[in-house]
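These notes concern the structure reproduced below.
The values are calculated or read from the model by the stated rules, or taken from the named source; none is laboratory data. Since the structure is predicted, the reported quantities are computational estimates derived from the model, not experimental observations. Counting neighbours? That spans all protein chains shown, and the Cβs are built from the backbone with ideal geometry, glycine included. We work out accessible area using only protein heavy atoms, side chains counted, and drop any ligands, DNA or RNA first. Shrake-Rupley method; radii C 1.70, N 1.55, O 1.52, S 1.80 Å.
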Amino acid sequence: MTDVPLPERGTVRHPAQPFGASRAGAPLHVHGPLDPGTPLVLAATHGNETETTVALSAAMRMIAPGELRCAVVLAFNPDGTLLGTRGNGAGVDLNRNFPATDWERGTVRSRWSSRTPQIVELSRGDAPASEPETQALVALVERLAPPWILSLHAPIGAVLEPEPSALGDALMARTRLRRLERVNYATSGVLDTWARERGIACVTLELPRITHDEAVVHYAPILADLLRGDL
Ligand SMILES: [Zn+2]
């Protein structure tokens, strides 16, 4: 496959379709094919992890229209992205709001920065899938019936999956990141668990703590191959 020439990478040429709206009314967009059986790749579940959107957008812009084989959500949490917050506009951590059987009420803590422990409090939502973004993604996944989901996060620097998969193996080989079976804090109501309970493999690619430029240099080519179905 030939990469799109650099002068033509300024805009996303793959048409987008709305699949819902955020709490503040921002459109949730998905690019690419939406036929049943299409894999799903998403970024910016946490609005302060914008390097995930930059890497995934660059990957998509390297691919000619017609060669995209995945459904792509560049910003699952547009309100958090605009506000610069991990949570959505209501202060809910969307990756604790999925209606998995282990969802629980209460707060979840995250780091203020790499210099602090996990101390900043966010909500898990008033109920499972209380947030419009979560509801929209649940409906999108039900429509796509994807064989797998890849969710991009940062900055742990690992391929996160509870048990090895072909996708995880391929990502480890290309990125040289380690595999982690789980993170060292409680994660109830996460996308991975909800998807797995429906028989859908879900791998989390945790980018390392890198600049946006390094995300494009090192990860966009790998993600471009993934989006073409060539990984
Ligand atoms: Zn994250």
task = Taking the Cα centre of the chain as origin, sum charge times position over the Cβ atoms of Lys and Arg (+1) and Asp and Glu (-1), and report the length of that vector in debye to the nearest 20.
result = 300 debye
Unit charges on C-beta of K, R, D, E only; dipole of region 164-231, Debye = 160 debye
note = In the chain the accessible area split gives carbon plus sulfur, as whole percent at 1.4 Å, a share of 52 percent
ask   = Can you pull the Kirkwood radius for region 6-84, inverse mean 1/r over Cα pairs, to one decimal in Å?
value = 13.0 Å
ask   = In terms of the Cα gyration tensor, with a ≥ b ≥ c the square roots of its eigenvalues, is region 102-231 rounded because a/c is under 1.5, prolate because a/b exceeds b/c, or oblate?
value = oblate
inquiry  = Can you give the Rg/Rh ratio of the chain, where Rg is from the C-alpha atoms and Rh is the Kirkwood radius?
reply    = 0.93
task = State in Å² the accessible area per residue of the chain; use a 1.4 Å probe, count heavy atoms of protein chains only, and round to the nearest integer.
result = 45 Å²
ask   = Got a sec to turn the phi values of region 5-20 into Karplus ³J(HN,Hα) couplings, 6.51 cos²θ - 1.76 cosθ + 1.60 with θ = phi - 60°, whole Hz, x for Gly and Pro?
value = x, 3, x, 9, 8, x, 10, 7, 9, 8, x, 10, 10, x, 10, x
Over the chain, relative contact order from alpha-carbon pairs under 8 Å, at least 6 apart, % = 24 percent
query = chymotrypsin sites (Phe, Trp or Tyr not before Pro), restricted to region 75-164: which are DSSP loop and have at most 12 other Cβ atoms within 10 Å?
reply = W112
Most mobile listed residue (L40, L180, L205) in the chain, GNM with C-alpha springs under 10 Å = L180
ask   = Using heavy-atom solvent-accessible surface (probe 1.4 Å) with all chains present, what is the largest-first order of R86, R198, R228?
value = R198, R86, R228
query = For region 5-139, what is the convex hull volume of the alpha-carbon atoms per residue, in Å³?
reply = 118 Å³
request  = Please name which of G66, L227, P147 has its Cα lying farthest along the dipole of the chain towards the positive end, using unit charges on Cβ (Lys, Arg +1; Asp, Glu -1) and the Cα centre as origin.
outcome  = L227
task = Quick one: grab Rg to one decimal and Dmax as a whole number for region 138-212, Cα atoms only, in Å.
result = 12.5, 35
task = May I ask you to list the chymotrypsin sites (Phe, Trp or Tyr not before Pro) in region 168-219 that are in a DSSP loop and have at most 12 other Cβ atoms within 10 Å of their Cβ?
result = Y185
message = Could you check the spin-label model distance between V4 and A166? Points 7 Å from the Cα along Cα→Cβ, value in nm.
response = 2.8 nm
task = Could you check which residue among H31, H212, H46 shows the biggest mean-square fluctuation in a GNM of the chain with a 10 Å Cα cutoff?
result = H212
query = Taking region 30-124, which GluC sites (Glu not before Pro) meet the DSSP loop condition and have no more than 12 other C-beta atoms within 10 Å?
reply = E104
task = Report, by chain and number, residues whose modeled amide H sits under 5 Å from the one on W148, excluding near sequence neighbours (fewer than 5 apart, same chain).
result = L40
query = Check L28: other-chain or 5+ apart residues with amide H under 5 Å from its amide H, H built from backbone geometry?
reply = F19, G20, A21, S22
key: Residue order for D79, D225, D102 - accessible surface, 1.4 angstrom probe, largest first   = D102, D225, D79
